[in-house]
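One structure below.
The values are calculated or read from the model by the stated rules, or taken from the named source; none is laboratory data. Small disclaimer: the values here were computed from a predicted structure and weren't measured. Virtual Cβ from ideal backbone geometry, glycine too; neighbours counted across all protein chains shown.
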Amino acid sequence: MTGQGLLDSLGKAFGSKVQDPTEFRGEMTCVIAASDLREIAKFCRDELSLDYLIDITSIDNFGKDPRFEIVYHLYSMPHAAHLRLKLKVPEEAGAVDTVSDIWPTANWHEREIYDMMGLKFNGHPDLRRILMWDGYPFFPLRKDFPLEGLPSEMPDVAFTKVTPLEGGPFVTVPSTATSKDREPRARPPEL
């Protein structure tokens, strides 16, 4: 089955629930409602042989409504075909159903999205932070989170003040110095 065949099969099975089908470089993408995710995900796995969940990503469209998108990148090993499912998630909703029981690899991806963006997954078996410490009150990948960080009142962690990453963690100053010396955290504060 080709990528176009995947979209055609989805369209036949779900009709208007599959919106904006597009093709780009052999990869198919469609938009679905968050309420239809589990039904369509099971169909993709069981009927279309999309047996590999490559990744789940999240997008913060700060200033737009709906603010968030969650994108599921699927692959069929038998058919060598890609399919991308996009969900639009309003900020006030902030939760979608988990697919970790459909594709077990979703477990860590969903935890990372929760940790970095604050989006929750209903029915997730272990939804807790994976990169930030428990109790951290912010979501660092949201576009309204400042590059220099925010102060935290947690006394038992290493950073209780604004993190000194002026200009962001990967901004360097052009020079003839080595990359170690150009690294922002290695520069003296007066630069």
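Pairs are defined by a Cβ separation below 8 Å, a sequence spacing of at least 6 or placement on different chains, a first member in the range 128-155 that is outside the structural domain of GLU110 (by TED's automatic domain parsing), and a second member that is basic (Lys, Arg) and at pLDDT below 75; the pairs so defined are PRO151/LYS161. Only one entry in TYR136, TYR72 is surrounded by 13 or more Cβ atoms within 10 Å (Cβ to Cβ), aromatic (Phe, Trp, Tyr) and modelled with pLDDT under 95, namely TYR136.
Yes/no per residue for (1) over 23 Å from the mean Cα position of the chain (by Cα); (2) among the polar types (S, T, N, Q):
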| residue | (1), (2) |
| --- | --- |
| SER9 | yes, yes |
| LYS12 | yes, no |
| LYS17 | no, no |
| PHE24 | no, no |
| SER35 | no, yes |
| ILE40 | no, no |
| LEU48 | yes, no |
| LEU53 | no, no |
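Among the residues of the range 37-45, is any of a type in the set (D, E, K, R), touching a strand residue (DSSP E or B) at 6+ places or on another chain (Cβ under 7 Å) and under 23 Å from GLN4 (Cβ atoms)? Within the range 37-45, none of the residues are of a type in the set (D, E, K, R), touching a strand residue (DSSP E or B) at 6+ places or on another chain (Cβ under 7 Å) and under 23 Å from GLN4 (Cβ atoms).
So if I check each of PRO66, PRO78, PRO90, which one is in contact with a strand residue (DSSP E or B) (Cβ under 7 Å, 6 or more places away or on another chain), at pLDDT below 95, of a type outside the set (Asp, Glu) and surrounded by fewer than 19 Cβ atoms within 10 Å (Cβ to Cβ)?
PRO66
Could you tell me whether the range 9-23 includes any residue that is aromatic (Phe, Trp, Tyr), within 30 Å of PRO140 (Cβ to Cβ) and in contact with a strand residue (DSSP E or B) (Cβ under 9 Å, 6 or more places away or on another chain)? Checked the range 9-23: no residue is aromatic (Phe, Trp, Tyr), within 30 Å of PRO140 (Cβ to Cβ) and in contact with a strand residue (DSSP E or B) (Cβ under 9 Å, 6 or more places away or on another chain).
For the range 102-115, check the following and say yes or no: at least one residue is touching a helix residue (DSSP H, G or I) at 6+ places or on another chain (Cβ under 6 Å), part of a loop (DSSP other than H, G, I, E, B), modelled with pLDDT of 90 or more and within 24 Å of PRO66 (Cα to Cα). Looking through the range 102-115, none of the residues is touching a helix residue (DSSP H, G or I) at 6+ places or on another chain (Cβ under 6 Å), part of a loop (DSSP other than H, G, I, E, B), modelled with pLDDT of 90 or more and within 24 Å of PRO66 (Cα to Cα).
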